[in-house]
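First the structure, in the form of C-alpha cells, and then the observations on it.
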Amino acid sequence: MSVLESTATELLAELAAGNVSAAELTQTYLAQIEDHDEAIGAFLNVDAERALTQAEAIDTRRRAGAKLGLLAGLPVAVKDVLCTKGWTTTCGSRMLEHFVPPYDATVISKLKAADAVLIGKTNMDEFAMGGSTENSAFKRTHNPWALDRTPGGSSGGAAACVASNMAPLSIGTDTGGSIRQPAAFCGVTGMKPTYGRVSRYGLVAFASSLDQAGPLARTAEDVALLLEAIAGHDPLDSTSANVSTPSYTATVREPLAGLRLGVAREHFGDGLDREVDAAVREAIKVFESQGASVHEISLPHSKYAIATYYIIAPCEASSNLARYDGVHYGYRTDEKEMLAELAEERKALEAAGDRARLDALDSSLVRMYRETRSEGFGAEVKRRVMLGSYALSAGYYDAYYVKALKVRRLIREDYDAAFKDVDLIIGPTTATAAFKLGEMNEDPLTMYLQDLYTVSANLAGIAAISVPCGITGSGLPIGLQLQAAPFEEEKLLRAAHMFQRATDWHTRRPG
Ligand code: GLN
C-alpha cells in the first residue's frame, strides 16, 4: 500500500488491520510537509512533536485493545481560525500572531475525541476575508497545480495541503465560498455544511450568521467520514441545530435512485469560462447516464447575491472585529512610543496656542485603539470594517443593512421553491479555474465577483459541496458544485460519490 496514494477511508482500514501505525502515517505526512511546504506554503504552524505524541498515544491504546474514535490515527490539518488550546491560533492576522487560546473549539475537541492526529494549522486570508489566501499577514500559499497561481481562499492552505498530499484530511471554514472555491481550484472535494450542522464554538468569527466549518478531502467518502466526526448539536453554540447526525459513512455508497437535478440558468451566464461550462455540462451527462433527471429551475434573486453578501458579511465583521482593541487580547501597539508621540503633539499644539486641535486631540486610550487596529489589521480587513461600519451607521442602516436582510430572505425563498421540485442543484463552483497570484491585488471588486456562485448557499444557510469535474487545457482543476436543502448533506455526499464512482477527476494529482 502507498500511504500517499490512499484515501483517508482506505488508510483507516489499514490502520485498523495493523498494516500501518498512526505514528508511521504521521511521520510520512510530516516528511511530505518537510519536502514540499517550502514551495507550497500551506501551513502556518506544524508541531511534529505534538502530532507524534498524539499518534503514539493512539497506537498504544490500539495495542491495548481500547475502543478508538472514528478517525483513529488519521492526520488532520486545521485552518488557523479554529481555537486550539495551548497552540497558537493566528487567523492569518498580526492581531493574533501570538494568541494562544485557553480552550479548544468544539470542532477541535471532536477531532480529538475521534482520535484524529492534529498535524498542523493551515494558512488563510486574514480573518477568512478573501478568496486567494493572499490576505494572510504571514505568507502566500501556492496552488500545487501551478505555483504561480492562487490555491483560492480563504481556506487556501487547507485545500493546498490535501491536494499536495501533505494531509489526507483538513478542516476549512466557509462564509461565502471559502471551502468550495479553494477545493475547486486545488482539485479536492470540499463541503460547506448547513448553517448550524457544525458547531461554531471556538471558530473565530468573521460573519456569524454565515460562517460554517466543514471538511476538505480527496473523495466524497472521506468528506463523509470527517463530517460525521465534527457534526452535531453543541450547547456551547446557540445557533447550532438540535438535530441528530446521520451516519454519513454508512450511506455515502448508496446511489440515489430517481435523482432530480436542478440546473439554474443563472449559473450559466456571462463570465462563465468556456472550459468550466463544458466540464459542468459533461458532469450533468454523467448523472443522467446514471438515471438522474435534469430540470431547468430559476433562482431569480441570485443576481443580488454578491451585493447582499458584501453588505451583510462586512456588517457582521465590523461588529465581530470590534473586540480587537488591544485591551482584551491580541496585538497592542507599542505604548511607550505612542504616549511619547502624543505628548509631543500636545506640546507642539500648546506652544502654537491651537486650542481647537488641542481639544480634538485623542485621549491616550483612543490613540491606543487607533494605533493597535491600524497596525494589527491588514488592508482587506480594514476595508471590510469600514464598509460594515458605514452600512450600519444611523443614516444608512435601513437603506443597506435592512434592505440586504430582506433580499437575503428572497434568496432563501428561491431555494425553498426550487427544492420542492428537485433534490439537488448542479452548477459550477467558480466561473474560472485558479487565477494568478497577484492578479487581483489592486482590484477588490473583481475579487468579490469571484464569489458569484458560492455566496448564495451561505446567505440561504443551505448545504453545498464542490467536487472535481475536469481539468482545463492549461492543466488546472475545475469544480462542480452541488447544493442541497438544509440538513440534506447525506444526499450531497451520495450524489458526489455516485459521480466519483463514474469519473476519475478526483484521483488526479498535481505533478
Ligand atoms: N471570498 C469571500 C470573502 O472574501 C468568502 C470568504 C469566506 O468564505 N470566508 O468574503
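The values are calculated or read from the model by the stated rules, or taken from the named source; none is laboratory data. None of the values given here were measured: they were computed from a predicted structure. Cβ coordinates were reconstructed from backbone atoms using ideal geometry, including for glycine residues, and neighbour counts include every protein chain displayed.
What the table shows:
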quantity	calculated
Residue in the range 54-61 that is under 28 Å from Thr249 (Cβ atoms), at pLDDT 95 or above and not in a helix (DSSP H, G or I) present	no
Residue list for the range 277-314, restricted to those being farther than 24 Å from Pro255 by Cβ, of a type in the set (Gly, Ala, Ser) and buried (at least 18 other Cβ atoms within 10 Å of the Cβ)	Ser302, Ala305, Ala313
Unique residue being buried (at least 24 other Cβ atoms within 10 Å of the Cβ), more than 12 Å from the ligand (Cβ to nearest atom) and more than 13 Å from the chain's Cα centre (by Cα) when the list is Thr150, Thr189, Thr141	Thr141
Per-region count, the range 454-464, residues aliphatic (A, V, I, L, M) and away from the ligand (no atom under 12 Å from the Cβ)	3
Sole exception among (1) in contact (Cβ under 8 Å) with a residue 60 or more places away in the chain; (2) touching a strand residue (DSSP E or B) at 6+ places or on another chain (Cβ under 9 Å); (3) buried (at least 24 other Cβ atoms within 10 Å of the Cβ) for Gly131, by number	(2)
Arg218 vs. criteria of a type in the set (Lys, Arg), more than 16 Å from the ligand (Cβ to nearest atom), crowded, with 24+ Cβ neighbours inside 10 Å and within 18 Å of the chain's Cα centre (by Cα)	yes
Hits in the range 192-215 (condition: closer than 17 Å to Phe487 by Cα, polar (S, T, N, Q) and within 16 Å of the ligand (Cβ to nearest atom))	Thr194, Ser209, Gln212
Residues located in the range 261-276, provided they are touching a strand residue (DSSP E or B) at 6+ places or on another chain (Cβ under 8 Å) and either surrounded by 15 or more Cβ atoms within 10 Å (Cβ to Cβ) or among the aromatic types (Phe, Trp, Tyr) (or both)	Leu261, Gly262, Val263, Ala264, His267, Phe268, Leu272, Glu275, Val276
Residues located in the range 157-202, provided they are assigned to a helix (DSSP H, G or I) and among the hydrophobic types (A, V, I, L, M, F, W, C)	Ala158, Ala159, Ala160, Cys161, Val162, Ala163, Ala183, Ala184, Phe185, Cys186
Unique match (being in contact with a helix residue (DSSP H, G or I) (Cβ under 9 Å, 6 or more places away or on another chain) and either more than 16 Å from Glu266 (Cβ to Cβ) or more than 16 Å from the ligand (Cβ to nearest atom) (or both)) among Asp414, Asp451, Asp443	Asp414
Within the range 40-75, considering residues that are without any contact (Cβ under 8 Å) to a residue 60 or more places away in the chain and β-branched (Val, Ile, Thr), the one surrounded by the fewest Cβ atoms within 10 Å (Cβ to Cβ)	Thr60
All positions within the range 371-429 that are of a type in the set (A, V, I, L, M, F, W, C) and under 30 Å from Leu339 (Cβ atoms)	Phe377, Ala379, Val381, Val385, Met386
Of all residues making up the range 315-358, the number that are under 28 Å from the mean Cα position of the chain (by Cα), part of a helix (DSSP H, G or I) and surrounded by fewer than 18 Cβ atoms within 10 Å (Cβ to Cβ)	3
Top-ranked residue in the range 163-181 [being under 17 Å from Leu480 (Cβ atoms) and among the aliphatic types (A, V, I, L, M); ranked as farthest from the ligand (Cβ to nearest atom)]	Ala163
Subset tally (residues that are in contact with a strand residue (DSSP E or B) (Cβ under 8 Å, 6 or more places away or on another chain) and basic (Lys, Arg)) for the range 100-123	2
Filter pass, Thr429 being within 16 Å of the ligand (Cβ to nearest atom), in contact with a strand residue (DSSP E or B) (Cβ under 6 Å, 6 or more places away or on another chain) and among the β-branched types (Val, Ile, Thr)	yes
Close pairs from the range 236-251: first of a type in the set (Asp, Glu) and crowded, with 17+ Cβ neighbours inside 10 Å, partner modelled with pLDDT of 95 or more and not in a loop (DSSP other than H, G, I, E, B), Cβ under 7 Å, at least 6 apart	Asp237/Thr106
Breaking point among (1) touching a residue at least 60 places away in the same chain (Cβ under 8 Å); (2) touching a Leu at 6+ places or on another chain (Cβ under 9 Å); (3) assigned to a helix (DSSP H, G or I), for Gly262	(3)
Filter result for Leu256 (among the aliphatic types (A, V, I, L, M), assigned to a strand (DSSP E or B) and under 27 Å from Tyr195 (Cβ atoms))	no
Residue check for Lys121: basic (Lys, Arg), at pLDDT 95 or above, within 22 Å of the chain's Cα centre (by Cα) and buried (at least 22 other Cβ atoms within 10 Å of the Cβ)	yes
Residues that are in a loop (DSSP other than H, G, I, E, B) and within 14 Å of Arg218 (Cα to Cα), drawn from the range 1-21	Ser6, Thr7
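Condition check ((1) in contact with a Gly (Cβ under 7 Å, 6 or more places away or on another chain); (2) in a helix (DSSP H, G or I)) across all residues:
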residue	(1), (2)
Leu410	no, yes
Ile425	yes, no
Ala431	yes, no
Glu439	no, no
Thr446	no, yes
Tyr453	yes, no
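Results for (1) under 30 Å from Arg323 (Cα atoms); (2) in contact (Cβ under 8 Å) with a residue 24 or more places away in the chain, shown as yes or no for each residue.
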site: Leu358; (1), (2): yes, no
site: Ala399; (1), (2): yes, no
site: Gly427; (1), (2): no, yes
site: Lys436; (1), (2): no, yes
site: Asn441; (1), (2): yes, yes
